[in-house]
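The next block holds one structure in the form of structure tokens; read it before the comments.
The values are calculated or read from the model by the stated rules, or taken from the named source; none is laboratory data. Note that the structure is a prediction, hence the values are computed from the model and not measured. Neighbour counts run over all protein chains shown; Cβ positions are idealised from the backbone, glycine included.
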Amino acid sequence: MTVNRFFISTSDLEDDRVRLSPEQAHQVYHVLRLRAGDVVVVLDDTGMEYNVTLTTAEKREAAGRVTQRRQARGEPTVQVVLFQSMLAREKFEWVLQKGAEVGVARFVPVLTERSLVRTRQIEETKRTRWRRILTEAAEQSHRGRIPEIAEIVAWKEAVLQLGHFDRALIAATSGPTRTLKEALRPDDKPPASIAVLIGPEGGFSDDEVRQACKSGAVPIRIGPRILRTETAAIVIPALILHELGDLQS
């Protein structure tokens, strides 16, 4: 039987006592119809998870007692950071949800030359919605941490960040490219962090690819077919994690 999972604030975990938020209490009582004595799993967003037996399950309040604690098993050992060119709302939110399920650690929205969305301002309501999408996806996929969502950055700012990663890969649709296996270059020390740059509809401009390559990015291809941007944003991180052994059971 599937045990329901909830991310909580560390302030709501004190010794072996756990308090759920009012929204989570509503879900526990009205949606899941759980009652005192039922077991849930809570996560504190540090990579730890806790079996909790509910002691209170009411309309506006839910609390419980920790019976077991352990390291969450759902976190990838490789940190994949997705630099995603800004997309229309539905596509971008789909990338957030599925990327979180696959194992992306952090999302960086980027304004590129061909981005259809041009604003750098994020309304708080939109940011709240993005966090909720990431949280729910992390709970559903048994992650131990909620993926981060960064502020929107310009292309030049994104390129400047590439030097902080063990590998940087850019999805290119033309020019010289390498396969993913070639780009990851297996050696004695597997990469601990990888930046993945995904362009908008129409792909990156040649100048953007050149700028990224000058900063250490490797242009890659993943086969003879051209994927939609939102498809590539999920397929490439999944293939990276598979190639590095993270998706092995």
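Laid out as a table, the results:
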| quantity | calculated |
| --- | --- |
| Qualifying positions in the range 20-55 - out of contact with any helix residue (DSSP H, G or I) (no Cβ under 8 Å at 6 or more places or on another chain) and hydrophobic (A, V, I, L, M, F, W, C) | Ala25, Val28, Val31, Leu32, Ala36, Val39, Val41, Val42, Met48, Val52 |
| Filtered residues of the range 114-147 (kept if within 17 Å of Val95 (Cβ to Cβ) and more than 14 Å from the chain's Cα centre (by Cα)) | Arg114, Ser115, Leu116, Val117, Ile122, Lys126, Arg127, Arg129 |
| Test: residue in the range 162-171 that is modelled with pLDDT of 95 or more and either of a type in the set (Val, Ile, Thr) or not assigned by TED's automatic domain parsing to the domain that holds Arg118 (or both) | yes |
| Cross-chain or 6+ apart pairs with Cβ under 6 Å, the range 202-215 first and free of Cβ contacts under 8 Å to residues at least 60 places away in the same chain, then assigned to a helix (DSSP H, G or I) | Gln211/Val159; Ala212/Val159; Ser215/Val159; Ser215/Leu162 |
| Verdict on Val28 being touching a residue at least 12 places away in the same chain (Cβ under 8 Å), in contact with a Phe, Trp or Tyr (Cβ under 7 Å, 6 or more places away or on another chain), not assigned by TED's automatic domain parsing to the domain that holds Ala137 and not in a loop (DSSP other than H, G, I, E, B) | no |
| Answer from Arg60, Arg65, Arg73, Arg35 - the residue that is in contact (Cβ under 8 Å) with a residue 12 or more places away in the chain and part of a strand (DSSP E or B) | Arg65 |
| Residue under evaluation Glu208, criteria (1) touching a Ser or Thr at 6+ places or on another chain (Cβ under 8 Å); (2) outside any helix (DSSP H, G or I), criterion not met | (2) |
| Subset of the range 204-225 (residues that are under 17 Å from Thr112 (Cβ atoms) and surrounded by fewer than 21 Cβ atoms within 10 Å (Cβ to Cβ)) | Ser205, Asp206, Asp207, Arg210, Gln211, Cys213, Lys214, Ser215 |
| Matching option when the condition is in contact with a helix residue (DSSP H, G or I) (Cβ under 7 Å, 6 or more places away or on another chain) and loosely packed, with under 13 Cβ neighbours inside 10 Å, among Arg70, Arg60 | Arg60 |
